[in-house]
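Before I ask anything, let me first share the structure, which is written out below as structure tokens.
The values are calculated or read from the model by the stated rules, or taken from the named source; none is laboratory data. All of these numbers come straight from a predicted model, not from anything done at the bench. Because the Cβ atoms are built from the backbone with ideal geometry, glycine has one as well, and the counts that use them run over all protein chains shown.
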Ligand SMILES: [Zn+2]
């Protein structure tokens with residue numbers, strides 16, 4: 001009993017602290033840090049760069065997974081703060097997604113429990129500083145996906161769709177991982193689409209100033 005009343009008291013003081021700290025700010029547990037380090041510059045696509053142009057290797061169903069992932073992220077915004085489209089020429093793209101190796105076995109997307117049968121990595125480009133002090137990316141974003149022979153064809157398809165959506169989240173400017181395993185932006189995602197925390201995080205990101213211009217907007221010095 002004593003332990004119980006102590007925990008009730010501890011909980012009550014925590015709630016009070018939270019309320020005193022920031023009465024009007026969103027609950028801190030409802031979003032996560034989108035930068036790798038709080039001192040890093042912020043990046044999100046400016047309105048003038050929309051729709052962001054995604055190019056997907058024509059391997060297996062990758063273009064379909066990219067289209068699904070882009071639409072999922074678009075749905076997280078109320079006012080079209082992010083929009084994307086698929087382009088057929090990588091030279092026109094802001095983001096290039098490739099799938100290493102041969103085409104995966106053809107399997108439909110299902111509701112089966114997630115199996116880790118693929119992996120992905122997003123390369124955030126280096127930046128350079130223009131004369132004005134403005135940071136700009138010197139290259140396009142690159143996403144590389146890879147699948148393994150583990151599980152059924154649908155397990156592999158589900159993994160590729162899920163991890164493609166996760167990597168697209170990185171290309172929106174969410175460079176960090178969510179500490180909550182349920183979130184799409186967790187390091188090893190099991191969610192199929194952004195959660196409420198992922199949504200709150202990108203909404204906050206797209207309403208703070210971006211410090212970096214995308215490659216397509218870079219007036220690079222000679
Ligand atoms: Zn990641």
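In the stretch 114-148, what residues are away from the ligand (no atom under 16 Å from the Cβ) and out of contact with any helix residue (DSSP H, G or I) (no Cβ under 9 Å at 6 or more places or on another chain)?
126, 127, 128, 129, 130, 131, 132, 133, 134, 135
Could you go through the stretch 28-49 and let me know if any residue there is out of contact with any helix residue (DSSP H, G or I) (no Cβ under 7 Å at 6 or more places or on another chain), more than 22 Å from residue 214 (Cα to Cα) and at pLDDT below 95.
Yes; the residues of the stretch 28-49 include at least one that is out of contact with any helix residue (DSSP H, G or I) (no Cβ under 7 Å at 6 or more places or on another chain), more than 22 Å from residue 214 (Cα to Cα) and at pLDDT below 95.
So which residues in the stretch 152-178 are surrounded by fewer than 20 Cβ atoms within 10 Å (Cβ to Cβ) and either modelled with pLDDT under 95 or away from the ligand (no atom under 11 Å from the Cβ) (or both), if there are any at all?
The answer is 152, 153, 154.
Quick one: is residue 99 modelled with pLDDT of 95 or more, touching a strand residue (DSSP E or B) at 6+ places or on another chain (Cβ under 9 Å) and away from the ligand (no atom under 16 Å from the Cβ)?
Yes.
If the requirement is being closer than 16 Å to residue 75 by Cα and in a loop (DSSP other than H, G, I, E, B), which of these qualifies: 192, 209, 150?
One residue alone meets the criteria, 192.
Suppose we filter 109, 99 for residues that are in contact (Cβ under 8 Å) with a residue 60 or more places away in the chain, touching a helix residue (DSSP H, G or I) at 6+ places or on another chain (Cβ under 6 Å) and farther than 21 Å from residue 44 by Cα; which single one remains?
99
Can you name every residue in the stretch 178-198 that is out of contact with any helix residue (DSSP H, G or I) (no Cβ under 9 Å at 6 or more places or on another chain) and either in contact (Cβ under 8 Å) with a residue 24 or more places away in the chain or under 13 Å from residue 43 (Cβ atoms) (or both)?
Correct list: 179, 188.
Looking at the structure I just gave you, is residue 210 within 20 Å of residue 93 (Cβ to Cβ) and surrounded by fewer than 22 Cβ atoms within 10 Å (Cβ to Cβ)?
yes
I would also like to ask the following. Can you name the condition, by its number, that residue 173 falls short on among (1) part of a helix (DSSP H, G or I); (2) under 16 Å from residue 52 (Cα atoms); (3) in contact with a helix residue (DSSP H, G or I) (Cβ under 6 Å, 6 or more places away or on another chain)?
Residue 173 satisfies all of (1) part of a helix (DSSP H, G or I); (2) under 16 Å from residue 52 (Cα atoms); (3) in contact with a helix residue (DSSP H, G or I) (Cβ under 6 Å, 6 or more places away or on another chain) except (1).
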